[in-house]
Each structure stands twice: as C-alpha cells, then as structure tokens.
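S.K.: Below are the structure tokens for one structure; questions will follow.
The values are calculated or read from the model by the stated rules, or taken from the named source; none is laboratory data. None of the values given here were measured: they were computed from a predicted structure. When we count neighbours, we look across all protein chains shown, and the Cβ atoms used for this are built from the backbone with ideal geometry, even at glycine. For accessibility, only protein heavy atoms count, side chains too; no ligands or nucleic acids. Shrake-Rupley method; radii C 1.70, N 1.55, O 1.52, S 1.80 Å.
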Amino acid sequence: MIASMRRFGRWVSLVSKREFSNSSGFEKNAEQSPKSLNLYSAINQALHIALETDPRAYVFGEDVSFGGVFRCTTGLADRFGKNRVFNTPLCEQGIVGFGIGLAALGNRAIAEIQFADYIYPAFDQIVNEAAKFRYRSGNQFNCGGLTIRAPYGAVGHGGHYHSQSPEAFFCHVPGIKVVIPRSPQQAKGLLLSCIRDPNPVVFFEPKWLYRLAVEDVPEDDYMLPLSEAEVLRGGTDITLVGWGAQLSIMEQACLDAEKDGISCELIDLRTLIPWDKDTIETSVKKTGRLLISHEAPVTGGFGAEISASIVERCFSRLEAPITRICGLDTPFPLVFEPFYMPTKNKILDAIKSTVGY
Amino acid sequence: MATLLLGRSRSAIQNLLKRTALLSALTHSPPPSSSAASHVGCRYRAPPSQGNRSLAVLFPFSRHESTKAQIQLQQTHLAEDDDTQVQLDEVLDFPGGKVAFTSEMRFIPESAEKRVPCYRVLNDDGVPMPYSNYVKVSKEMAVKMYSAMVTLQTMDNVFYELQRQGRISFYLTSMGEEAVNIASAAALSADDVILPQYREPGVLLWRGFTLQEFANQLMGNEADFGKGKQMPIHYGSNKHNYITISSPIATQLPQAAGVAYALKMEGGKACAVTYFGDGASSEGDFHAAMNFAAVMEAPVIFICRNNGWAISTPIEEQFRSDGVVVKGRAYGIRSIRVDGNDTLAVYSAVRTAREMAVNENRPVLIEALTYRAGHHSTSDDSTKYRSIDEIEYWKKARNPVNRFKRWLESNEWWGDEDELKLRQSVKKELLQAIQVAEKAQKPALEELFRDVYDQVPSNLEGQERQLRETIKKHIGDYPSDVPL
Ligand SMILES: Cc1ncc(C[n+]2csc(CCOP(=O)(O)OP(=O)(O)O)c2C)c(N)n1
Ligand SMILES: [Mg+2]
C-alpha cells in the first residue's frame, strides 16, 4: 500500500489536498512482482501488453504518436510501429467511427479521445452506432473490440472544458459498458479487461490522478473483473459508493468519520454499466444507509440511478434518506472549482447527518 | 456546340466582370490593365480560354453582384475543363444544373498538378514583389498595425513568463502568427462579428481590448468579463463584437454561418469572420460550416491559420489535400491562399474578401500559411515532436513582425528609437496591468450560480443556500480571495 502525493504538472492548483490510498489491498491475481507506478504509466503498461498480446490490436487518437498529451501512449509507436499506433486527424466522430469499423472486422480498436470534454462530437457514433451494432444486426455484426479511453474529471484548473465528468450520458445507453478506475493498479487491470471484453467500452481515466496517484502495480498481464464492485473498507453504519478520483476524497471522509465513532463501508463501483447492484444492496441491507458521491452535476447523475435502484430493493431496510454529495448543477467553473466540488467535509457532514437522522 | 460555347464565354465574361469590379479596391503596381489582371491570379482561377479575355473590355461594368447560383452551376459544369471530350449534344438536365456527358472515363485526380500558389506582397526581406497587387496602406495605418504586432508579441512574452512563475495557471501564445492576427483585424470593420478559435487575441487587441482587460481575464478576477469561469486566454467582449472563446475545436465555424446569415437578414453592411487552425479543418463542424455558408449565401470569411501543427500532429497527418484552400471549391466557396507572415498580403486578401462577402452575400475562405512558433500552450513542449532548427527558421528567417518592420523602415516610417520607445511603454503598461489585475478580488461567490440560465432556478437557489452553510462550517476549505 503506497500512497503518494505529487503536484500535478507545473500548474498551481487551488485544491492541492487530493491523495489516494488503496486501502483494500490487491486482488488475488495481481500479486506478483509489484513496481511503484503512477496512473498514466500503469495505463501505458496496459497498452503495451494489449498490443503485445494481440497482433490485431491498434492504438490511435489525436497526438498519440508522440506519447499523447498525458503521456499515456509513450513509446508505443516506436515499439509497435506506426501502422498500429498512430495519430488521427482532429475529429472525434472520425476516431470513434473508424474504431467501430476496425473493430467490426475483428480487431481491437483502442481509441483515445484527448479529453472526455471532447467526446461529444463522437456522441452519435457511440450512442447510435457502437452501442447498437450488435443488437440491430441480430448479432451478425459487433464492434466489441472497441475501447474508448478518455481522461475525465477535475484537475484544479481545467475550467469548463478540461474538467467534465460525462459518465452519466453513457450510462443511459444500453449496449456499451462504462468503466472508471480509481488507482494505477486498478487502471491497468480494468483497462486490459475492457480491451479484451467482447463489448464496446468507454473507459474514463481520472486525469487528476495521472501523476498524483502512485501505487505498486504488478508488472505481469492481469485483468480485473468488469461489473464487479469492490468493497474497499468494511463498515456497519453507512455505505458510501463512488468511482474514480472521488474515492480518495470519500476515503478521507471515512477516516474522519471513524474518529467520531462512525463505521463507514466504502465501495468502488468500478463498472457503471452494467453495474453490480448486488454488492451495493448487500451492503445497504447491512448498514441501512447510503451515500453516493460523484463530481458530475447531481441532477441526472449516475448517483440518481443508484439511489432509485436501492430504494426499490432496500426500502424497508433504509434508516435514513439516501444522500448524494455531487457536483453542483452548473457548468464546471474555473475560479469557483473548490466550491463546486464534492469535498471531504461535504461528505463528512452528510455522513454525520445521515447517521444521526 | 452552341450551348457549350455560350457556357464558356459566359463564364469567362463573368470572371472578368468580377475582376474588373475588384480593381477599384486595389492599388496596382504597375498600374492595372486587362492583361495585368491575370497577375491577380490568386483571386480567381484563370478562365478556361485565354482568347476570351478581351471580352472584358466590352463589358465595362463595375459591380460586385454575382448572378444566381443556377448560372454558376451551368458554367461550372459545362465549361469546367478544356481537355475533356464533351459530347456536345448530350447534356443531362440534372437537378441543380445541366451536366455534359463525356465518353472518356477519367477520374478527377486527387490533386491538381500544381499546388495552389500563395499570394504574397512582401518578400522575406520586406521588399514588395514585382507586379504585386495589394490594397494600399497609409503610413498611419502601417505604423498602427506594426505597433499592434509588437504589442501582441510583448504581451505574449510577458504573460508566458507570468505563467512560468506560477502566477497564472495557463497561457498560450500567438508567436509567429502576429501578421494573421493584426492584419486581418485591420482589414475588417468594427461591426463585423468575430468568432475566434483561441490563437487570435490580436484581433481583440486591435479592436481596443486593453492590456488591463487581457490581464483581468488571465487572472479571472472580478473585472474579467467572463467572471472567472473559464481558463486563461478564453477572452470575449461583447462591445468588441468578439464572441467568447470556447475550447472545443471548430464549434465556432457553423455558428459563424448563422451569425453571418443574421447579419445579412438585418441588411447591414457587416459580415461574420471566423478563425480556425489546420487541425480544426478536420472536424465535422468545419465541413458543416462551409456547406451551410455556401447554401445560405452567408457573408462569412473563414480564415484558416494553417500553422503546420495541431499540437504534435503535423499537417501531413491532418489532411492529404493541398492544404485547406482547395476545400473551398468543393463547397462552392471562393478561396485564396496567402502568405500568413506577410502583413500586406493578409491585409489585402482580407479587405478584398470582405468586399465580396458583404457586397455579394457570399462566404470566402482564406488559408493563411504561417507557423506556430511557440509551444502549443504552456502545457506543451514542442521540442518533443519537432526540430529546434525548424522552429528557429520560422522564428528568425520567416518572422512576420521583422518582415513588416523592414518594409516600414524602407519607407522611412519607423526607426530604432520608435522601436525602443514602443517596446518599453508596452512592457510598462503590461506590468502595471498585471499588478492591478493580481490585486483585484475574484468574482463574488454568487456568480457561481448566475448565468447558467437567464435567472437562477430553484434547484440552484437551494444549492447556493446549502453551499453557504458548508462554507460557514469549513471556511478553511475555500480560497480566501473569493468574496462570499
Ligand atoms: C473537439 C476538440 N478536440 C480536441 C481538442 C484538444 N485540442 C486543443 S487545441 C488542439 C489542436 C488544434 O490545432 P489547430 O486547429 O491547428 O490550431 P493551432 O493550435 O495550431 O492554432 C487540440 C487537438 C479540443 N480542444 N477540442
Ligand atoms: Mg495548427
């Protein structure tokens, strides 16, 4: 368990307290030869393995040849050649449409969208095409080899267009999977699963953690299961559910709550669709309380779906209303970012009031 | 046969009419004659037959209006190509205009034999090219343009340094593209509405946005027109008809067609002007914009700053066409390629394009060949993907500011003393502006909830109340420079 905090890039960030520790330990199959890596290097390692293990795997997107603006594709073009790792023209609909076509002929198309904020030009290709390719053809065709990677979320100074968390849009689309890792070790194993999963997947990477989160990552080829949530901390008083970068914030709240004698169970959902309701249900039936937290605006966020589902399943066991601590219903603001964010103290206050309800 | 000939000559006449009309806007050196007009080759393709050129003399009209689209189509489709074996009596009366048949199976090649030439007025040493046609620039205007270029350059240096010192979170320079910025701005009218990409702060500077206003935006303070909501360099100013920058690439382009259509419907004498990079021309929005502008006959000037790079992606990996200029014709839009580092060429081309746009209600595409002499932004290190030699060559040998300065000097309109004074005073003004901007407060917290809609809806009122309670409890979590 290695937690480390570094300044992200050269920029001054308004909120610099953002650390991550993986309190759950490693998955069983991921215990060999760990090496300390940050998140972008873990992604880079996964991409190396994906290209190495499947000659029909491709990596492409804007500026990937020289390593990508976040360095995730460093060294790939040199190692695997420019026919398998290449820059595309600046066109997200082109990137995803091209990826669908490549995947439709049995290849693994690993497409990068430079920022999740710029995924919208590709929305039609993802929602109407990738998601329905199998269904509409009666399974004659599929583009399951497609994986779309995109950095998402706050970074301290990103403003409207370098901070968004658009996951909920894609969770409304049957036919694609949405996966978000919380740490380097998770990122590597989940990304390899996504690349090898026979369905199109949107994989959002918490860009704030690219350099910030460092932990031991096994060097070998390993995969972590999709659609399985992970209980990071066991607890009895309240269940907390989140994903991606938000988990480190939630974990800090858990630690503080513990000092006040509140025992929190913290769950990383990992795959947002199709999601692991059972793990959440089991936990909430035990604790009787649920708090969900995400950076995206609260209204219509994926927290709403979790909340509704858990009310359906656990109504009689709930001892307090389900709470959501999320982003505000505004565009992502620059100067006001610290106010917009679902901070540790907002979560902590909500834990206390939910437990004391 | 008759139809074809008529088509051809009509097209030639029309072309020449358009040329004649333009002459009024241009100063020629040597003075214009009907044959000298062919040197203006950058504006229009040469007509199909040299012999028809003399017809121009018979039609001494001077008007800008083009005839209707139908006629354009006829001439295009019937008289396009000299070499084609056209079956004269077999013409397909196709929706949109007649199309000639040919027995020859010939694919249109992927590119023309020659690349589209680049219109320039000043050579690299700032000496006017022989026979160059350009719009005359007064001493006053020339000095004003040069001063603005120097101001932009100085502003970039100082603000870049400010970012390196950690006093602003981000910056992006226009280095190497000062001429496209300033000369295009100078050629427009203040009523023209600008839809920028992000590397065109010079247009705003030209329109009177002060160095203080730039500094305010970079600091995101209470005086920033954008109220601190966007990253540095996302300027916008209603009073300067400069629509606020948004980071997503190419989105401004179809909007420009809409703005232009609105201006046309208002019946004024203004056009929309939108800027974009070589990279932006790959986005779907670019293609939508071009097509809309042509079909809606919208007075919009599309100015492409082809600076060779889109972050790390070189233009060979961006498109395989002869740049961006040739895309105009595919959409039925007039286009010109200019030397983007030649202030006089950019100025002349934009002035002339503006006349066409406004007087004829049509879009025009300008591809300015230039170079992004700086890194993409402060988040980028361009030596990772391009050679220092290449950068240095463009910074030195092809520097647009120095080239224009040489021309000014050769006219004895500018000297070393002017230069020194200007640079010193701009720098002083900048440092002062930064000091003021840094001291100013951030916008008040209530601004977080404003402008999402015209009025604050109840869900946001609730969120504001809740946030204020949280702040009371945890004041240490929040920046102290935002008034609550
Ligand atoms: C839709 C979208 N995709 C990707 C990006 C990331 N991005 C910012 S600038 C840029 C390159 C733009 O190049 P170009 O249009 O040539 O303009 P230049 O920077 O050279 O002036 C890219 C890919 C973006 N801002 N928007
Ligand atoms: Mg460019």
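S.K.: Quick one: go through segment A:69-105 and flag any residue whose amide nitrogen is under 20 Å from the point 7 Å out along the Cα-to-Cβ line of A:Arg136.
M.R.: Taking a point 7 Å out along Cα→Cβ of A:Arg136, the residues of segment A:69-105 whose backbone N falls under 20 Å are A:92-105.
S.K.: Same structure, new question: Buried by at least 10 Å² relative to the chain on its own: which residues of segment A:336-350 qualify, computing accessible area with a 1.4 Å probe on protein heavy atoms?
M.R.: Buried by the other chains: A:Phe336, A:Pro338, A:Phe339, A:Thr343, A:Asn345, A:Lys346, A:Asp349.
S.K.: Continuing with the same structure: Can you spot the lysines whose alpha carbon is less than 16 Å from A:Lys344's alpha carbon? Ignore those fewer than 8 places along the same chain.
M.R.: A:Lys17, A:Lys259, A:Lys352, B:Lys472, B:Lys473
S.K.: Give me the Å³ per residue figure for the convex hull around the C-alpha atoms of segment B:139-439. Don't skip to the answer; put the middle values down first.
M.R.: Working: hull volume 37.1 nm³, N = 301.
Spread over its residues, the Cα hull of segment B:139-439 gives 123 Å³ apiece.
S.K.: I'd like to know how segment A:230-355 sits against the 2.2 N^0.38 Å rule of thumb: what's its Cα Rg over that expected value? Present the calculation step by step, with values, prior to reporting the outcome.
M.R.: Details: Rg = 13.5 Å, N = 126, 2.2 N^0.38 = 13.8 Å.
Relative to the 2.2 N^0.38 Å estimate, segment A:230-355 comes out at 0.98.
S.K.: Can you give the FRET efficiency for B:Ala262 and A:Lys82, using 1/(1 + (r/R0)^6), R0 = 35 Å, r = Cβ-Cβ distance, to the nearest 0.05?
M.R.: On the way: r = 45 Å, r/R0 = 1.29.
Step by step, r from the Cβ atoms, then E = 0.20.
S.K.: Rounded to the nearest 0.05, what FRET efficiency do B:Lys439 and B:Lys114 give with R0 = 56 Å and r taken as the Cβ-Cβ distance? Could you check? The partial results should precede the final answer.
M.R.: Details: r = 58 Å, r/R0 = 1.03.
So, using R0 = 56 Å, E works out to roughly 0.45.
S.K.: Right, another one. Quote the relative contact order of segment B:139-439 in percent (integer), defining contacts as alpha-carbon pairs under 8 Å separated by 6+ residues.
M.R.: Working: 566 pairs, mean separation 71.3, N = 301.
Rounded, it is 24 percent for segment B:139-439.
S.K.: Continuing with this model, one more query. Taking a probe of 1.4 Å, how large is the accessible area per residue of segment B:250-330, in Å²?
M.R.: Working: 2680 Å² over 81 residues.
Roughly 33 Å² per residue, with all protein chains present.
S.K.: How about B:Lys269: which lysines have a C-alpha closer than 17 Å to its C-alpha, ignoring those fewer than 8 places off in the same chain?
M.R.: Once the sequence-local lysines are set aside, nothing remains near B:Lys269.
S.K.: Restricting things to alpha carbons, find the Rg to Rh ratio for the protein assembly as shown using the Kirkwood radius for Rh.
M.R.: 1.02
S.K.: Scattering from the C-alpha atoms of segment B:79-217 alone, worked out with Debye: what is log10 I(q)/I(0) at q = 0.14, 0.15 1/Å?
M.R.: Summing over Cα pairs of segment B:79-217 leads to -0.81, -0.86.
S.K.: Can you give the direction-averaged projected area of the convex hull of the alpha-carbon atoms in chain A, in nm²? Walk me through the numbers on the way to the answer.
M.R.: On the way: hull surface 67.3 nm².
Value for chain A: 16.8 nm².
S.K.: Restricting to DSSP H runs of at least four residues, report the calculated mean residue ellipticity at 222 nm for the protein assembly as shown, -39500 (n - 2.57) per run over all residues, nearest 500 deg cm²/dmol. Spell out each step's value before the answer.
M.R.: Details: 27 runs with 309 residues, N = 841.
Result for the protein assembly as shown, helices only: -11500 deg cm²/dmol.
S.K.: Express in nm, to one decimal, how much length is gained between B:Val452 and B:Lys136 on full extension, taking 0.36 nm for each residue of separation and deducting their alpha carbon distance. Working shown, then result.
M.R.: Working: separation 316, 0.36 × 316 = 113.76 nm, distance 4.68 nm.
That pair, B:Val452 and B:Lys136, stretches by 109.1 nm at full extension.
S.K.: Could you give the accessible area per residue of segment A:174-249, probe 1.4 Å, as a whole number in Å²? Before the final figure, lay out the partial values.
M.R.: Numbers: 1470 Å² over 76 residues.
So segment A:174-249 comes to 19 Å² accessible per residue, rounded to a whole number.
S.K.: Another question about this same structure. Taking the solvent-accessible surface of protein heavy atoms with a 1.4 Å probe, what is the per residue accessible area of segment B:420-484 in Å²?
M.R.: Each residue of segment B:420-484 exposes 67 Å² on average to a 1.4 Å probe.
S.K.: Now, a different point. For the interface of chains A and B, what total accessible area is buried with a 1.4 Å probe, rounded to the nearest 100 Å²? Walk me through the numbers on the way to the answer.
M.R.: Working: alone 14440 and 23900 Å², together 34630 Å².
Buried: approximately 3700 Å² between B and A.
S.K.: Computing the accessible area with a 1.4 Å probe over protein heavy atoms, can you report the carbon and sulfur percentage for segment B:355-450? Walk me through the numbers before you get to the answer.
M.R.: Working: 2180 of 4700 Å².
For segment B:355-450, the apolar C and S fraction of the accessible surface comes to 46 percent.
S.K.: Is there a pair in A:Lys132/A:Lys277; A:Lys207/B:Lys427; A:Lys188/A:Lys277; A:Lys346/B:Lys239; B:Lys136/B:Lys395; B:Lys139/B:Lys395 whose C-alpha atoms are over 30 Å apart, and which pairs would that be? Working shown, then result.
M.R.: On the way: A:Lys132/A:Lys277 24 Å; A:Lys207/B:Lys427 37 Å; A:Lys188/A:Lys277 24 Å; A:Lys346/B:Lys239 40 Å; B:Lys136/B:Lys395 27 Å; B:Lys139/B:Lys395 26 Å.
Flagged as over cut-off: A:Lys207/B:Lys427; A:Lys346/B:Lys239.
S.K.: Please report the relative contact order for chain A, taking Cα pairs under 8 Å with a sequence separation of at least 6, and give it as a percent rounded to a whole number.
M.R.: On the way: 827 pairs, mean separation 63.6, N = 357.
After rounding, I find 18 percent.
S.K.: Can you give me the % of accessible surface on chain A that is carbon or sulfur? Probe 1.4 Å, all protein chains present, nothing else counted.
M.R.: Details: 6490 of 12510 Å².
Its accessible area is 52 percent carbon and sulfur atoms.
S.K.: Let me ask you something else. If r is the Cβ-Cβ distance from A:Phe123 to B:Glu297 and R0 is 30 Å, what FRET efficiency results, to the nearest 0.05?
M.R.: Details: r = 30 Å, r/R0 = 1.01.
E between A:Phe123 and B:Glu297, to the nearest 0.05, is 0.50.
S.K.: Answer with one residue from A:Phe70, A:Ser163, A:Ala213: the one whose Cα lies farthest towards the positive end of the charge dipole of segment A:2-218, charges on Cβ with Lys, Arg +1 and Asp, Glu -1.
M.R.: It is A:Ala213.
S.K.: How long is the gain from B:Lys395 to B:Glu161 if the chain were fully straight, where each residue apart is worth 0.36 nm and the alpha carbon distance is subtracted? Display every interim value, and only then the final one.
M.R.: Working: separation 234, 0.36 × 234 = 84.24 nm, distance 1.81 nm.
Using 0.36 nm per residue and subtracting the Cα-Cα distance, I get 82.4 nm.
S.K.: Hey, got the dipole for segment B:139-439? About the Cα centre, +1 on K and R Cβ, -1 on D and E Cβ, debye to the nearest 20?
M.R.: Details: 34 positive and 37 negative charges, 41 e Å.
Computed charge dipole of segment B:139-439: roughly 200 debye.
S.K.: Using a 1.4 Å probe over the heavy atoms of the protein chains, calculate the carbon and sulfur portion of the accessible area of segment B:139-204 as a whole percent.
M.R.: Values: 790 of 1610 Å².
Here it works out to 49 percent.
S.K.: Further question on the same structure: Output the lone cysteines of chain A: those with no second cysteine's C-beta under 4.7 Å from their C-beta.
M.R.: A:Cys72, A:Cys91, A:Cys143, A:Cys171, A:Cys194, A:Cys314, A:Cys326
S.K.: Give, to the nearest whole percent, the P(r) tail of segment A:107-163 beyond 12 angstrom, counting all Cα pairs.
M.R.: Details: 1123 of 1596 pairs.
So the portion of pairs separated by more than 12 Å is 70 percent.
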